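The values are calculated or read from the model by the stated rules, or taken from the named source; none is laboratory data. All figures in this text were calculated on a predicted structure; none of them were measured in a lab. All Cβ positions, glycine included, derive from the backbone under ideal geometry; neighbour counts span all protein chains shown.
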Amino acid sequence: MGEILGKFFIWIGAFLILIGFIFVFLSRLRFPSLPLDFHLRFGNVEVYLPLGTSLLLSILLTLLLNIILWLALWLTKG
């Protein structure tokens with residue numbers, strides 16, 4: 001039990017490090033604003049609503065995960 005739990009935490013740690021590197025890399029990139037990205041200013045308050053970016057990321061991640069799942073099912077059948 002302890003060995004399995006240890007390996008699980010090592011994988012979780014490696015995954016979090018990978019996510020950290022991705023965030024550092026992406027923060028240095030400047031993405032253009034999409035048509036549905038709203039930036040609102042009310043006095044001292046600024047609100048950024050990235051609806052277009054969220055929609056685009058949702059579509060891309062859905063396609064990517066569907067391809068991965070399709071490949072996983074295809075590889076396990078054959």
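So, in segment 21-43, of the ones that are modelled with pLDDT under 90 and part of a helix (DSSP H, G or I), which residue ends up surrounded by the fewest Cβ atoms within 10 Å (Cβ to Cβ)?
By that ranking, first place goes to Arg28.
Evaluate the following for Ser54: is it exposed (fewer than 10 other Cβ atoms within 10 Å of the Cβ) and part of a helix (DSSP H, G or I)?
Answer is no for this residue.
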